[in-house]
Structures are given as C-alpha cells and as structure tokens.
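Encoded as structure tokens, the structure appears first; notes follow it.
The values are calculated or read from the model by the stated rules, or taken from the named source; none is laboratory data. Remember, it's a predicted structure, so these values are computed and weren't measured experimentally. FYI the Cβ positions are ideal-geometry reconstructions off the backbone, even for glycines, and counts take in every protein chain you see. Note: accessible area is taken over every heavy atom of the protein model, side chains too, but ligands, DNA and RNA are not part of it. Shrake-Rupley method; radii C 1.70, N 1.55, O 1.52, S 1.80 Å.
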Amino acid sequence: MSRLYLITGFLGAGKTTFLKHFIRLFAGQKIRLIVNEFGREGVDGALLADLGAFLQEISGGSVFCSCRLDQFEKVLRQSAGLHADVILVEASGLSDPTGVRRLFAQTERFPDIDYRGAVCLIDAVRFPKLYATARTCVKQLASSDVAVVNKTDLASSDQLSRTLELIRGQRPDMPVLTTAFGAVNETLLDMLDRARALPEQDMPLTADLTLRKLAVRIAPDIAPYDLQKFIEMFAENTFRVKGFIQTSEGLRLADCVGNVVSVAPCEGASVPPERIGWLNILSGAGMPVQKAVREACRWYERHILEVQ
C-alpha cells in the first residue's frame, strides 16, 4: 500500500522549495511525485525533476475539480500499481482540496492508497492579506492537518503574529510548524501522524478561485534586466508569474509573487525545450492584468513573440 501526502498552499508560499526538503525524509524509499499546476505549462515539475523521484505532472486545472479528477485518479492508480512506498501530491496553489479525506476514504476507488494527511504551506508575510481576499486560503487551511508557516526570515514580528493569530482563529486544534526556506525534519511526520485523529472541518465544496490566465512568449534576445522590468509593469495585478526564459545572458527562471520579481540564472536545469520562452501569468477576477500586460508588451514589443 502506498502512503500518500498532500501538499497545499496558496501561490508563492514555497511548496516547491518545501518539497525538496520533505522528500529527503523518505530516503531509500520508492517515491512518486505528482505536481498539479494551473498554468499552460508546468514549471515546478522541471524544478523538481532532479530529486530522484518518478515525476508526473497534471496541468491546466486543479486535480480536485471535475475537469482533472479523472486524470488524477488514473495517475494515482498507476503510481500505486507500481508499488510506490510514498506518493507526494503538490496541489495547485489555487485549488480547493475540501473533502480530500472523504475522497481517499472511498477504499473501493483507492484500495492501494493510505492517505496520511495534508500539509498547508503558508507565506508568513502575505497570508493576512490573502486570507482576507482569497477564499481558497481558508479552504486549504480547513482541509489540511498541519500548517507550515514558511518565510519567517522575511516576516516582521507583527506579520508573523498576525498570521499565527489567523490560523489559530480558524483552526485552534491545528499543529503549526514555523520555518524558513521550506526546511523541515522528521518532526513534521510525527505531527501528521498525531493530527490524523482530528476531524476534518465540514465546509461546503465550492468552485476554485476564479482564475485569469495569460501566457506570453518571450524572444531569446531579451536581456535579464529588461525581462525583470517587463514583469514589474504588471506584477501588482497578478497572483503569480513564472517561467523559464532564454535571455541574452543565458537561461533564467522568472518568478514573481505579489510585486516581488526574481529573474535568476538556472543553467543546467532539466527543462524541456518546448517549455522555454513561455511566461505564465495567473490573476483573479477584478484584477486588470490584461490591460497591464498589453501596455507592457507595447513597451517591449520587439521582445514579444506571442500572447495567448
């Protein structure tokens, strides 16, 4: 039987970095990693490809929505059928995993899956604002068994206190672990084992956060500085911007959370050629991202090949 752990958390909370630490807790075991992304092309999958686990990606929607649930079940059965010791599922940052326990409690559908709980990654800096504006955050917290408050190195004492206050206000029973750079140890597995006895919060199932998606293909002659300035022109109107971009100075990983933009070298990363050049932009209803992206494209017109 395969032990399954779910990793949730809103966009930019640090799930990919966390997984690099979490997967080390299962050294010597056969691991299957399932990465779910909303974007046109998976980016996290390429970043996780060298971890020594068999990786499968499900893109284009949440695995907990009807549009991807059948595919999710198929991948899970394949993973269990190959006698994986551990299955790690990184859910989309915009997904609503409400009812995940009830899903895996259907033993006739998942006879070879032992659901061991969900970890909710939380950005200590951004969580208070997101909690007030994105209902997905509330539902991810309700559906999880342990909260890992990440990025404490960047949070002020007031931000961290407010984040912990919100978690305890909704889930006073939930174990909470604070960390930076997604670093965790065996303590987390012990917390998950103890938390499994706690009842899941009963919340009605609703649709995922209304999502707006854009993809921009960037010419490989763009300078890293220009790429960063291009993203900064619309960053504040997005939830997340991410993509592997070939620049005049080599391959770069463009990554934006909120209005913080990073364009970092990533030479040597295992990135399929068809995924290089596309910048994936995610935003929500009421965010004027299309107008902002069009304006940015006019400023950097010679570097823009296509907008979808």
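Observations on the structure shown:
- Residues satisfying the stated conditions in region 223-232, i.e. under 23 Å from LEU94 (Cα atoms) and either surrounded by 17 or more Cβ atoms within 10 Å (Cβ to Cβ) or aliphatic (A, V, I, L, M) (or both): ILE231
- Assessment of region 266-278 against the conditions (under 17 Å from the mean Cα position of the chain (by Cα) and in contact (Cβ under 8 Å) with a residue 40 or more places away in the chain) yields no matching residue.
- For region 193-213, taking the residues that are in a helix (DSSP H, G or I) and open to solvent by 40 Å² or more (accessible area, probe 1.4 Å), the one that is modelled with the highest pLDDT is identified as ASP193.
- Restricted to region 138-192, and to residues there that are farther than 23 Å from TYR5 by Cα and among the β-branched types (Val, Ile, Thr), the residue that is least open to solvent (accessible area, probe 1.4 Å) is THR163.
- Restricting attention to region 282-306 and to residues that are surrounded by 17 or more Cβ atoms within 10 Å (Cβ to Cβ), modelled with pLDDT of 90 or more and closer than 18 Å to PHE239 by Cα, the residue that is farthest from the chain's Cα centre (by Cα) turns out to be ALA296.
- Selection count, region 239-264, where residues are over 30 Å from LYS129 (Cα atoms) and either open to solvent by 40 Å² or more (accessible area, probe 1.4 Å) or free of Cβ contacts under 8 Å to residues at least 24 places away in the same chain (or both): 4
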